[in-house]
Each structure stands twice: as C-alpha cells, then as structure tokens.
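The values are calculated or read from the model by the stated rules, or taken from the named source; none is laboratory data. These figures come from a predicted structure and were not determined experimentally. Cβ sites come from the backbone with ideal geometry, for glycine too, and all protein chains shown count toward neighbours.
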Amino acid sequence: MLYLIETYGCQMNKAESAALETQFTEHGWNCTDDPERADLVLINTCSVRITAENRAWGRIAYHAARKRSRKFFLVVTGCMAERLKESMRKKQPAIDYVLGNFQKQAFGLVLDAAARGERLPSIEESPVFSFAASHLEQGAFRSYVPIMHGCNNFCSYCIVPYVRGREVSRDPEAVYAELDALAERGVREVTFLGQNVNSYRWSDPNRSGSGDLDFPGLLRGAADRVRQTGIRRLRFMTSHPKDLSDETIDVIASDPLFARHVHLCVQHGSDRILKAMNRRYTKAYYLEIIAKLRERIPELSLSTDILIGFPGETEEDVEATLDLMREVRFAYAFMYHFNPREGTPAVTLPGVIPDAVKKERLARVIALQKEITRETMRSLVGTEAEVLVEDRSRRKEGELLARTDRDMMVVLPGETSRIGEFVQVRLESLRGVTFRAQEVF
C-alpha cells in the first residue's frame with residue numbers, strides 16, 4: 001500500500017506529518033511522490049490565514065477530480081479540518097476522512113481499514129491532545145520536537161486557540177526519550193516547538209508537591225540529556241514576548257548548545273494596535289526584552305512576525321512599527337497583512353482598512369526589512385561561523401547548503417558525504433540572502 005502526504009502551514013504541521021509518516025511505516029505502508037500510484041492521499045492543512053485554506057481547497061479539488069478515474073482514500077487533517085470538521089465532507093463528498101487535531105491518535109485504525117479497502121463510519125476525538133512519540137523525518141539530520149500544544153492567549157485576530165485548544169505541556173520524560181532516540185539516529189540539531197513554546201509548564205500528577213517544571217527548566221534538562229551525544233544544537237519556537245523570562249535568557253546565554261537566534265513575535269509597533277490585538281505587552285516592554293537579550297547574548301540574531309493593516313490602524317501606527325524595526329534590526333521577518341478569520345473577535349472590529357491600503361503599507365514594511373536584512377548580513381561578511389550542512393545545492397553541482405546558528409543560509413563547496421556534519425566556514429560574500437562560504441581548515 002502506498003501513501004502520499006501534502007503538508008501546508010507551520011513547523012508544527014511538518015512535525016505532525018512526520019509523526020503520521022511513522023504510523024504509515026509501522027502499518028506496512030510505503031511512501032510515493034506519484035499521486036497516480038497512491039492508495040491514500042493525506043492533506044495536512046493550515047487555517048491561520050484564508051489564503052492557506054484556499055490553497056488547501058484547491059488541492060482537495062485536484063485530488064477529488066482524480067477519484068473519478070481511480071479509487072483511493074482522501075484524508076484531510078490539521079487545523080482547517082479541526083475548524084470545519086464534517087462540513088468539509090458536505091462541501092466535498094470525495095473526502096473520505098476529516099481528522100481534526102484531536103483525532104490523530106486514531107489514525108492507525110484508518111490505515112488498517114484502508115488496507116482492507118474499507119472506510120470507518122466515524123472517528124472518536126480524544127478529550128486531551130495526544131503527543132506522538134517521534135517526529136523525525138526519515139533520513140533527516142534536523143528534527144522538530146513538540147513540547148507543548150495549544151494556546152491560551154486569544155489574540156483577537158488569531159484562530160489558533162480555537163483549532164488547537166488550550167495549552168497542554170508534554171511530559172518531560174517523553175521529550176527526553178525522544179531526544180535519546182533522535183541522537184541514536186544521528187540527528188544533529190533539534191528545534192523545540194509549541195504554539196506558545198515558552199509557556200511550557202509541566203506538573204507531574206503522580207508527584208504531588210514536587211513542583212512544576214517550567215520552560216527554562218526543560219531547556220536545562222534537555223541540554224544535559226544531549227550534551228554527550230551527537231546533537232550539537234538546540235533551538236525553539238515560537239515565543240510570546242510576555243512569557244520570555246530572564247531565566248530563559250540566562251539559560252540560552254550560558255550554554256553554547258543553544259543557537260544564537262530567537263524568533264520573538266512582535267506583530268506591531270503601536271501600543272494602541274497591540275492592545276486591540278490583545279497581545280498583552282507594550283512596545284516599551286518588547287524593547288526591554290530585546291535589550292536584555294542583546295546584553296546577555298551580543299551575537300544573537302532576532303526574527304519576528306509583523307501584522308499590518310489591522311482594523312483601526314493609522315499612518316502613525318505604521319510609522320511606530322517601522323521605528324521599532326529600525327531599532328531592533330531583525331535579521332528577517334515574516335510579514336503579512338490582516339485577513340479576518342471567522343470566529344475571532346477582530347472580525348467585528350470597526351475601522352476596516354481597504355485592501356489597497358493594507359498592501360501599500362505592507363510593501364513599505366517589506367522594503368524596510370529587506371534593507372535591514374541586507375545590511376545585517378553584509379556586516380558578517382569576512383567573519384567565521386560554524387554551520388550545519390543540511391543538503392546539496394540544487395542549483396550547482398558540487399555545492400552544499402548549510403545553516404549558521406544565527407539561522408542564516410550558507411552555500412559552500414563540498415561533497416554530499418558532508419551532509420549532517422558541522423563545518424567551520426568563512427563567510428566570503430553575499431548573494432541575495434545567502435552567504436557564499438569556504439571551509440576553514
């Protein structure tokens with residue numbers, strides 16, 4: 001039996017698709033890239049923006065049309081499946097299963113039924129999100145490890161709390177066990193994941209009075225667990241500014257295992273808009289965190305998310321965001337304009353910004369960030385960095401793709417046998433947003 005997975009959206013979706021692939025393998029299925037051969041097609045969807053849902057509907061329609069000429073199972077999962085549930089099958093009857101985020105634990109039953117050529121009448125939901133044991137893509141040297149799931153923040157524009165549920169932290173022993181398994185399989189870099197990763201807090205129900213394990217505590221435990229293994233670099237994302245503690249900063253600063261990069265979502269530079277977004281911090285508070293990070297970790301690079309065109313936004317608000325960008329100087333940013341998501345409070349806010357204005361404002365934000373990124377990267381030309389070789393270059397034979405601990409991409413000459421190795425390089429030049437480098441012997 002052959003399967004094909006299409007994954008859209010965030011890093012958590014990629015990790016969960018990797019976990020589903022493990023289930024396929026355990027049930028005797030094999031992967032194919034050819035949709036004409038697949039006995040089951042799984043589409044892992046995103047619901048953060050309407051454009052992501054539109055893309056998913058396009059792929060669903062494509063595969064639904066193919067079902068007219070050959071028989072296979074079509075499964076839709078992820079946040080769009082959680083949001084729309086069985087209404088998806090009413091809109092597109094060619095879908096065989098809609099598996100929300102709390103139904104994935106039953107995926108093995110789906111596979112067994114599909115192998116028999118049968119379709120289950122219903123799939124039960126789990127009352128609590130269930131973490132998979134492994135999230136490693138086959139043959140990968142980097143892996144995501146989810147440590148918490150869900151979000152309690154309820155930012156006024158965000159659908160995530162409604163499709164991912166309340167925050168649930170993963171048992172630290174399960175996290176450490178996954179790290180052990182990844183080390184045994186040759187993984188060199190791990191990224192801890194969560195919708196609000198630094199809100200992690202574990203209370204052991206079997207050890208009353210033993211105290212909670214918070215995010216910096218988990219980071220310390222993870223570093224100690226992998227220190228004598230081949231795992232040489234740890235990252236985490238995505239962080240909420242209100243939960244990034246001084247202790248977390250100290251842990252990163254004091255241990256070279258942690259990458260010199262933090263993704264810290266600011267979303268906007270105007271206090272008025274931040275309040276309307278229900279972000280629960282001010283511009284000054286955010287800048288205070290940045291100052292602490294830079295003081296403790298001078299070599300740190302920063303990235304962020306910026307949302308432009310929120311209802312009620314003025315030119316003054318946009319300028320406040322541009323000023324914040326100039327002050328912080330993010331290495332890169334994910335920038336987008338506001339799209340209302342059904343079911344969120346922001347849908348009903350007054351002061352809707354016309355699309356043309358949103359796009360013009362976003363263009364200015366993107367232009368400034370491109371300028372800052374170029375200047376930041378140019379300042380590093382001529383310096384040395386340790387990089388993890390990730391893949392071969394698809395543009396030129398004999399070249400490899402690598403990544404610095406500041407999360408910047410590098411191309412260097414080398415054989416594919418170096419993939420998965422850490423290499424010391426000199427950053428010789430810059431082409432676009434990728435360094436050209438030479439190995440230092």
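The single condition among (1) in a strand (DSSP E or B); (2) at pLDDT below 95; (3) of a type in the set (Ser, Thr, Tyr) that residue 77 does not meet is (2). Confirm whether residue 366 is of a type outside the set (Asp, Glu), in a helix (DSSP H, G or I) and closer than 30 Å to residue 142 by Cβ. It is true that residue 366 is of a type outside the set (Asp, Glu), in a helix (DSSP H, G or I) and closer than 30 Å to residue 142 by Cβ. Mind listing whichever residues of region 1-30 are over 26 Å from residue 339 (Cα atoms), touching a helix residue (DSSP H, G or I) at 6+ places or on another chain (Cβ under 7 Å) and outside any loop (DSSP other than H, G, I, E, B)? If the condition is that a residue be over 26 Å from residue 339 (Cα atoms), touching a helix residue (DSSP H, G or I) at 6+ places or on another chain (Cβ under 7 Å) and outside any loop (DSSP other than H, G, I, E, B), then 3, 5, 20, 23, 24 are the ones that fit. Candidates 270, 254: the one that is surrounded by fewer than 21 Cβ atoms within 10 Å (Cβ to Cβ), of a type in the set (Ser, Thr, Tyr) and without any contact (Cβ under 8 Å) to a residue 60 or more places away in the chain is 254.
Looking only at residues that are assigned to a helix (DSSP H, G or I) and out of contact with any Phe, Trp or Tyr (no Cβ under 7 Å at 6 or more places or on another chain) in region 150-172, which one is surrounded by the most Cβ atoms within 10 Å (Cβ to Cβ)?
Step one: list which residues in region 150-172 are assigned to a helix (DSSP H, G or I), which gives 160-164, 172.
Right, trim to out of contact with any Phe, Trp or Tyr (no Cβ under 7 Å at 6 or more places or on another chain) and you get 160, 162-164.
Details: 160: 21, 162: 17, 163: 24, 164: 22.
Here the residue is 163.
From the list 187, 175, the lone residue that is under 14 Å from residue 136 (Cα atoms) and part of a loop (DSSP other than H, G, I, E, B) is 187. The condition (being outside any loop (DSSP other than H, G, I, E, B), outside the structural domain of residue 343 (by TED's automatic domain parsing), of a type outside the set (A, V, I, L, M, F, W, C) and free of Cβ contacts under 8 Å to residues at least 12 places away in the same chain) is satisfied by just one residue among 44, 54: 54. Taken over region 397-410, the criterion of being surrounded by fewer than 18 Cβ atoms within 10 Å (Cβ to Cβ) and in contact (Cβ under 8 Å) with a residue 12 or more places away in the chain is satisfied by 398, 399, 409. Criterion applied to 427, 412, 388, 362 was being touching a His at 6+ places or on another chain (Cβ under 9 Å) and not assigned by TED's automatic domain parsing to the domain that holds residue 52, and the one residue passing it is 362.
Yes or no, residue by residue, for (1) surrounded by 14 or more Cβ atoms within 10 Å (Cβ to Cβ); (2) more than 27 Å from residue 342 (Cα to Cα):
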site: 95; (1), (2): yes, no
site: 98; (1), (2): yes, no
site: 103; (1), (2): yes, no
site: 115; (1), (2): yes, yes
site: 122; (1), (2): no, no
